[in-house]
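Notes to accompany the following structure.
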Amino acid sequence: MNQRADRGQATRRHIIEAATRLFAEAGYETVSIETILQACGISRGALYHHFAGKEAVFTAVLEAVEERIAARLVSAASGAADPVAALRAGCAAWLDLADEDPVVRRVVLTEAPGVIGWQAWRALDERYTLGLIRSALAAASAAGRMRAESVEVSAHVLLAALAEVALLIARSPGDATLMRNGREVVDRFLDSLFAPSAPPRPDGR
């Protein structure tokens with residue numbers, strides 16, 4: 001039974017990996033179930049055992065990409081010296097992905113809102129990204145850099161701002177001027193959220 005479950009999970013991962021490549025290269029409308037089957041080398045029954053249809057395959061692809069994005073943001077922020085620097089690093093990494101990663105540009109930023117709907121897209125983004133932003137802001141609040149009561153609203157506003165800037169960048173990848181302006185605007189917005197760091201006390205506390 002365990003071997004059967006492992007094979008099933010391997011088949012599901014194989015479908016998601018193949019569909020990710022296809023959706024990123026050709027777009028959701030162009031890719032058919034038959035195209036996915038041919039790329040995977042599996043039967044229609046095997047695909048429908050795991051997914052109800054093409055939209056379900058796309059949703060699974062989208063969730064897998066969102067998980068990868070979250071891991072990238074956490075990695076980018078992990079070496080930062082303080083919570084505010086960690087948040088800046090995570091925001092910069094997100095904009096880099098919008099500019100450099102064709103899967104993120106096509107699947108997450110271009111195709112997803114139209115395929116699964118704006119509300120579902122934002123809900124998925126909130127599930128994977130909002131928590132990271134909220135945690136970073138809460139850590140900044142604990143360090144005395146912002147008011148605790150501002151954390152929740154600020155997290156939602158920052159999430160929306162990052163999504164809009166990323167959408168602009170995704171429409172013109174490789175545009176160095178747009179990328180620089182996007183980074184500057186996000187940095188200025190972050191500056192507006194945080195109080196300056198308190199100077200060290202003479203007694204070192």
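Filtering region 85-101 down to residues that are more than 11 Å from the chain's Cα centre (by Cα) and closer than 20 Å to E126 by Cβ, which residue is surrounded by the fewest Cβ atoms within 10 Å (Cβ to Cβ)?
A86
Give region 152-205 a look and list any residue that's assigned to a loop (DSSP other than H, G, I, E, B) and either at pLDDT 90 or above or surrounded by 14 or more Cβ atoms within 10 Å (Cβ to Cβ) (or both), or say none.
If the condition is that a residue be assigned to a loop (DSSP other than H, G, I, E, B) and either at pLDDT 90 or above or surrounded by 14 or more Cβ atoms within 10 Å (Cβ to Cβ) (or both), then S172, P173, G174, D175, F194 are the ones that fit.
In region 20-73, which residues are acidic (D, E) and within 24 Å of R4 (Cβ to Cβ)?
E63
Could you check region 28-56 and list, in sequence order, the residues that are touching a residue at least 40 places away in the same chain (Cβ under 8 Å), surrounded by fewer than 19 Cβ atoms within 10 Å (Cβ to Cβ) and out of contact with any Lys or Arg (no Cβ under 7 Å at 6 or more places or on another chain)?
H49, E55 - these are the residues of region 28-56 that are touching a residue at least 40 places away in the same chain (Cβ under 8 Å), surrounded by fewer than 19 Cβ atoms within 10 Å (Cβ to Cβ) and out of contact with any Lys or Arg (no Cβ under 7 Å at 6 or more places or on another chain).
Considering A10, A92, which residue is small (G, A, S), outside any loop (DSSP other than H, G, I, E, B) and without any contact (Cβ under 8 Å) to a residue 60 or more places away in the chain?
After applying the criteria, what remains is A10.
I'd like to know if region 100-122 contains one or more residues that are among the acidic types (D, E), without any contact (Cβ under 8 Å) to a residue 12 or more places away in the chain, touching a helix residue (DSSP H, G or I) at 6+ places or on another chain (Cβ under 9 Å) and under 26 Å from V61 (Cβ atoms).
The answer is yes, given that some residue of region 100-122 is among the acidic types (D, E), without any contact (Cβ under 8 Å) to a residue 12 or more places away in the chain, touching a helix residue (DSSP H, G or I) at 6+ places or on another chain (Cβ under 9 Å) and under 26 Å from V61 (Cβ atoms).
Has region 4-23 got any residue that is within 30 Å of L190 (Cβ to Cβ), over 19 Å from the mean Cα position of the chain (by Cα) and of a type in the set (G, A, S)?
no
Tally the residues that are outside any helix (DSSP H, G or I) and either under 15 Å from G131 (Cβ atoms) or touching a residue at least 40 places away in the same chain (Cβ under 8 Å) (or both), restricting the search to region 76-89.
Total satisfying the criteria: 1.
Kindly list, by first and then second residue, each pair from a residue in region 160-181 that is without any contact (Cβ under 8 Å) to a residue 40 or more places away in the chain and under 15 Å from R106 (Cα atoms) to a residue that is of a type outside the set (D, E, K, R) and surrounded by 14 or more Cβ atoms within 10 Å (Cβ to Cβ), limited to pairs with Cβ atoms under 8 Å and residues at least 6 apart or on different chains.
L168/L178; L168/G182; S172/L178
Name the residues in region 23-57 that are of a type in the set (V, I, T), in a helix (DSSP H, G or I) and farther than 22 Å from L124 by Cα, would you?
The answer is I33, T35, I36.
Scan region 58-75 and give yes if some residue there is touching a Cys at 6+ places or on another chain (Cβ under 9 Å), touching a residue at least 40 places away in the same chain (Cβ under 8 Å) and either among the aromatic types (F, W, Y) or assigned to a helix (DSSP H, G or I) (or both), otherwise no.
Yes: one or more hits.
Answer yes or no as to whether R122 is at pLDDT below 95, under 29 Å from A195 (Cβ atoms) and either assigned to a loop (DSSP other than H, G, I, E, B) or basic (K, R) (or both).
Taking the combined requirement at face value, the residue does not satisfy it.
In region 57-84, what count of residues is obtained for those that are surrounded by fewer than 19 Cβ atoms within 10 Å (Cβ to Cβ) and more than 19 Å from the chain's Cα centre (by Cα)?
Result for region 57-84: 4.
Which members of region 128-151 meet the condition of being surrounded by 13 or more Cβ atoms within 10 Å (Cβ to Cβ) and not small (G, A, S)?
Y128, T129, L130, L132, I133, R134, L137, R145, M146, V151
The values are calculated or read from the model by the stated rules, or taken from the named source; none is laboratory data. Small disclaimer: the values here were computed from a predicted structure and weren't measured. Glycine gets a Cβ as well: all are built from the backbone with ideal geometry, and neighbour counts include every protein chain shown.
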